[in-house]
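Step one of this worksheet: look at the structure below.
The values are calculated or read from the model by the stated rules, or taken from the named source; none is laboratory data. No experiment lies behind these values; they were computed from the predicted model shown. Quick reminder, even Gly has a Cβ in these numbers, built from the backbone with ideal geometry, and neighbours come from all protein chains shown.
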Amino acid sequence: MAIEFMVMPLSRYIAGDFISPAMRIAWDAGLPYSLIGPHGMRQIPQDTPFGGADASARREAILEMLLGDLRALPEIGDASWDESSVAEPAFHRVDPGSYEALLEDAARPKKRGLFGIFGTGPSAMLHLGTTLLLPCDFAATIEMTSPFVRRVGSTPRALKELSNRPWSARAASAVETLRTALQDAARRGLPMIVDQ
C-alpha cells in the first residue's frame, strides 16, 4: 500500500482538489488512473482532480465549515494558514516498511541514563505518530473529530522529535522523507497529511 506525505490546505485534501504524481505517471504512460472503492472501480479522466471535475467548487463550499471546525480547537489558538491557497500541493512518497519501522522506533520507551541503566520512561515521540500535522506549535497532540477523525500533531514538534533520537537502519529512509516533508510544510506554512 502506498503512503504519501501530502503538503496542502486541508480543504484541498478533503475535496480532492489535487492531481497526484501517481495520477500523472499513469496518464503520461497512456494508462487510465483507476480507484477501487466501496462502490466499485472508478476511473479518473486525464487532467481531472482526484475528487472529480467539481472538486474545486466543493472545496469552496466546505471552506467556512472547515474553518469553523478548526476554530473549535483551542490548542491551535489563533494560528492560521491559508486554507484557500492555490499553491501547488507537494507530495512525498515514503517506503511503507521504512515508515512502519519509524513508527515502531518512535513508540519505544525512552532509555534513561547510559544504555538505559536507570530504566525506561514513556516515549517522548508524540507528534510523529499523528496523521495530520499543523504548521503551528502546541505541546500535546489533539484529537480532531470533524471534518474527519484524526490525531493531530505539530509540525515544529515533530521536527524536534525526529532530531531527538537515534533511528534504526530500517527507518532511515522514512526519517529522511518525513524530515523533507515536514520542512516543506513548515516553509510553506501548510498542513501535512499522512495519506494511506
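Among the candidates ARG170, ARG179, which residue alone is under 16 Å from the mean Cα position of the chain (by Cα) and surrounded by fewer than 20 Cβ atoms within 10 Å (Cβ to Cβ)?
ARG179
From VAL86, VAL7, which residue is aliphatic (A, V, I, L, M) and free of Cβ contacts under 8 Å to residues at least 24 places away in the same chain?
Testing whether each residue is aliphatic (A, V, I, L, M) and free of Cβ contacts under 8 Å to residues at least 24 places away in the same chain leaves just VAL86.
Can we say ALA171 is assigned to a helix (DSSP H, G or I), modelled with pLDDT of 95 or more, more than 14 Å from PHE5 (Cα to Cα) and in contact with a Leu (Cβ under 6 Å, 6 or more places away or on another chain)?
Spelling it out, ALA171 is indeed assigned to a helix (DSSP H, G or I), modelled with pLDDT of 95 or more, more than 14 Å from PHE5 (Cα to Cα) and in contact with a Leu (Cβ under 6 Å, 6 or more places away or on another chain).
Please specify each residue of the stretch 150-172 satisfying the condition of being without any contact (Cβ under 8 Å) to a residue 40 or more places away in the chain and under 22 Å from ARG188 (Cα atoms).
Result: ARG150, ARG151, GLY153, SER154, THR155, PRO156, ARG157, ALA158, LEU159, LYS160, LEU162, SER163.
For the stretch 50-89: of the residues being touching a Lys or Arg at 6+ places or on another chain (Cβ under 7 Å) and surrounded by 14 or more Cβ atoms within 10 Å (Cβ to Cβ), which is nearest to TRP27 (Cα to Cα)?
It comes out as GLY51.
So is SER84 modelled with pLDDT under 95, closer than 22 Å to LEU182 by Cα, in contact with a helix residue (DSSP H, G or I) (Cβ under 9 Å, 6 or more places away or on another chain) and not acidic (Asp, Glu) or not?
yes
A quick yes/no check of all residues on (1) within 24 Å of THR141 (Cβ to Cβ); (2) outside any helix (DSSP H, G or I); (3) modelled with pLDDT under 95:
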| residue | (1), (2), (3) |
| --- | --- |
| ARG12 | yes, no, no |
| TRP27 | no, no, no |
| GLN46 | no, yes, no |
| GLU60 | no, no, no |
| SER80 | yes, yes, yes |
| LEU102 | yes, no, no |
| PHE115 | no, no, yes |
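Looking at (1) over 25 Å from ALA72 (Cβ atoms); (2) touching a residue at least 24 places away in the same chain (Cβ under 8 Å), find the lone condition where PRO147 falls short.
Unmet condition: (1).
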